[in-house]
Amino acid sequence: MNYDAVFAEQLDDLREAGNYRVFAELERQAGQFPRAKRWTEDGQVADVTVWCSNDYLGMGQHPKVLDAMHETLDRCGAGAGGTRNISGTNHQHVLLEAELADLHGKEAALIFTSGYVSNWAALSTLASRLPDCVVLSDALNHASMIEGIRHSRATCRQWKHNDVADLDRLLSEVEPGRAKLVAFESVYSMDGDIAPIAEILDVCERHGALTYIDEVHAVGLYGPRGGGVAEREGLMHRIDVIEGTLGKAFGVMGGYITASKNLCDFVRSFASGFIFSTALPPAVAAGAAASIRHLKESQIERVRHQNRVKIVRDRLDAMGIPHLDNPSHIIPVMVGDPHHAKMISDWLMANHGIYVQPINYPTVPKGTERLRITPSPVHTDDDIDRLVEALSEIWSQCALARRQMAA
């Protein structure tokens, strides 16, 4: 068999479908976000403004975060030196887990190398080791949650997205005595919609189900201390496991779960994705802890962030640029065709130095291709003007439909 030919053929199929992914090679500029340098294949360098970063609040360049990382790097060195079990548990990890447990009002927390790993490791461990477990998974859960559930080999029943009645029906059909684990997200990253958390918890409590919420696109951004949507709605105490990331609004990297002491210890003791992974570098843990501490106290970033989101939405509406209405900070500008989405993204980069990554299948269903815009507190009014005017120009060039706003 010509293995390389197999690879090439399937890559060609991706290109033909418009779903081949091209990475933008960026060099972030400390203190200048959302500005960055873009490197091209021919070695050229150009300035770009990033409009699709998950560093939602610009905390990746915050002085408190950088100072904490510099100080810890100079004091502790680069790496952790091993897995958490074998010489890799640094004092900074313990401090970070204490900050996270406090943020979510839980007894304990456990950090992982990414949000993907925290979902995969925690869900696979819980679902595989709870007796005769049935997992109830929201239809739009993230790939990391789906993979963790699949790896557990537990029975999985998918409930219609954010449909509490469907969840209630499926839980009613679970045989008495079986463990039940309900997994869902707060903010869904592609459509930007928010789960009806209170109603979901009402159903879960009625059926005695363990609850697991992914708040990766909400932590830092919502709630009086940045604890997420569940904190904003006063519901954290009713949720068994709150999972989050350190790589989005907190601006660093890593993932975590918070829960009871026994549940965290259970995952720590049985999750292969935790046991056999090298621990986060101490400087990364220190930077994340500094970011969390700051956002527990400061409202400046959250208020400014919501202001920028509203202005972008209002300007898009004024231009008739179609985007999904939702109550979150994520603005999906709908294109509906993978080739058009990539062409628009390339044109914005080439002509205006604006970087918005096209989102195609399999991340979103075919026919719902989009540009996913994520305003930040550090985008200026001029940045917004340039973005919206450029989008309007390319919309006209492509003769794409505009949204008619009600009078």
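The values are calculated or read from the model by the stated rules, or taken from the named source; none is laboratory data. Here the structure is a predicted model, which means the values were calculated and not measured. No Cβ is skipped: glycine too gets one built from the backbone with ideal geometry, and neighbour counts run over all protein chains shown. Accessible surface is based on the protein model in full, side chains and every heavy atom, while ligands, DNA and RNA are left aside. Shrake-Rupley method; radii C 1.70, N 1.55, O 1.52, S 1.80 Å.
Contact map, segment 289-306: first residue within 22 Å of A109 (Cβ to Cβ), second residue of a type outside the set (A, V, I, L, M) and open to solvent by less than 10 Å² (accessible area, probe 1.4 Å), Cβ cut-off under 7 Å, separation 6 or more or different chains; pairs are S291/F250; I292/F250; L295/G220; L295/G226; K296/G226. Close contacts from segment 98-122, counting a first residue that is touching a residue at least 60 places away in the same chain (Cβ under 8 Å) and surrounded by fewer than 24 Cβ atoms within 10 Å (Cβ to Cβ) and a second that is polar (S, T, N, Q) and assigned to a loop (DSSP other than H, G, I, E, B), with Cβ to Cβ under 6 Å and a gap of 6+ residues or different chains, come to E107/S260; T113/S277.
Report yes if G227 is part of a loop (DSSP other than H, G, I, E, B), over 14 Å from the mean Cα position of the chain (by Cα) and of a type outside the set (A, V, I, L, M, F, W, C), otherwise no. Here the answer is yes, as G227 does meet what is asked. Screening M253 with (1) of a type in the set (A, V, I, L, M, F, W, C); (2) assigned to a helix (DSSP H, G or I); (3) open to solvent by 10 Å² or more (accessible area, probe 1.4 Å); (4) closer than 30 Å to G77 by Cβ gives one miss only, at (2).
Looking at D202, is it among the acidic types (D, E) and open to solvent by 30 Å² or more (accessible area, probe 1.4 Å)? Before the answer, list the steps.
Numbers: among the acidic types (D, E): yes; open to solvent by 30 Å² or more (accessible area, probe 1.4 Å): yes.
Taking the combined requirement at face value, the residue satisfies it.
Screening segment 147-180 for residues that are β-branched (V, I, T) and in contact with a strand residue (DSSP E or B) (Cβ under 7 Å, 6 or more places away or on another chain) and picking the one that is farthest from V216 (Cα to Cα) gives V174.
Among the residues of segment 336-354 satisfying the criterion of being touching a residue at least 40 places away in the same chain (Cβ under 8 Å) and open to solvent by less than 30 Å² (accessible area, probe 1.4 Å), which is nearest to V378 (Cα to Cα)?
Applying the first criterion (touching a residue at least 40 places away in the same chain (Cβ under 8 Å)) to segment 336-354 yields 337-344, 347-349, 353-354.
Still in the running and open to solvent by less than 30 Å² (accessible area, probe 1.4 Å): 338, 341, 344, 348-349, 353-354.
Working: P338: 30, A341: 26, I344: 24, L348: 20, M349: 19, G353: 17, I354: 15 Å.
Top of the filtered list is I354.
Return yes when S189 is open to solvent by less than 30 Å² (accessible area, probe 1.4 Å), of a type outside the set (D, E, K, R) and either under 30 Å from I331 (Cα atoms) or in a helix (DSSP H, G or I) (or both) and no when it is not. Break it down into steps so the answer makes sense when it comes.
On the way: open to solvent by less than 30 Å² (accessible area, probe 1.4 Å): yes; of a type outside the set (D, E, K, R): yes; either under 30 Å from I331 (Cα atoms) or in a helix (DSSP H, G or I) (or both): yes.
Yes, satisfied.
Pick from I311, I344: which is over 30 Å from P224 (Cβ atoms) and not in a loop (DSSP other than H, G, I, E, B)?
Values: I311 fails: over 30 Å from P224 (Cβ atoms).
Within the list I311, I344, the selection yields I344.
Hey, among the residues in segment 321-372 that are hydroxyl-bearing (S, T, Y) and under 20 Å from the mean Cα position of the chain (by Cα), which one's nearest to I394 (Cα to Cα)?
Keep residues of segment 321-372 that are hydroxyl-bearing (S, T, Y), which gives 328, 345, 355, 361, 363, 368.
Filter once more, keeping what is under 20 Å from the mean Cα position of the chain (by Cα): 328, 355, 361, 363, 368.
On the way: S328: 26, Y355: 14, Y361: 22, T363: 24, T368: 18 Å.
Selected residue: Y355.
Considering (1) closer than 23 Å to S277 by Cβ; (2) without any contact (Cβ under 8 Å) to a residue 40 or more places away in the chain, the lone condition that D74 does not fulfil carries the number (1). Hey, among the residues in segment 205-217 that are free of Cβ contacts under 8 Å to residues at least 40 places away in the same chain and assigned to a loop (DSSP other than H, G, I, E, B), which one's surrounded by the most Cβ atoms within 10 Å (Cβ to Cβ)? Among those residues, the one meeting the criterion is E215.
The one condition from (1) over 25 Å from the mean Cα position of the chain (by Cα); (2) under 30 Å from D13 (Cβ atoms); (3) open to solvent by 10 Å² or more (accessible area, probe 1.4 Å) that I394 does not meet is (3). So, E199, is that one free of Cβ contacts under 8 Å to residues at least 24 places away in the same chain and farther than 26 Å from A286 by Cα or not? When the stated conditions are applied, E199 does not pass them. Counting only strands (runs of 3 or more DSSP E) that sit completely within segment 113-185, those holding 2 or more residues that are closer than 20 Å to N262 by Cα and within 21 Å of the chain's Cα centre (by Cα) correspond to 180-185.
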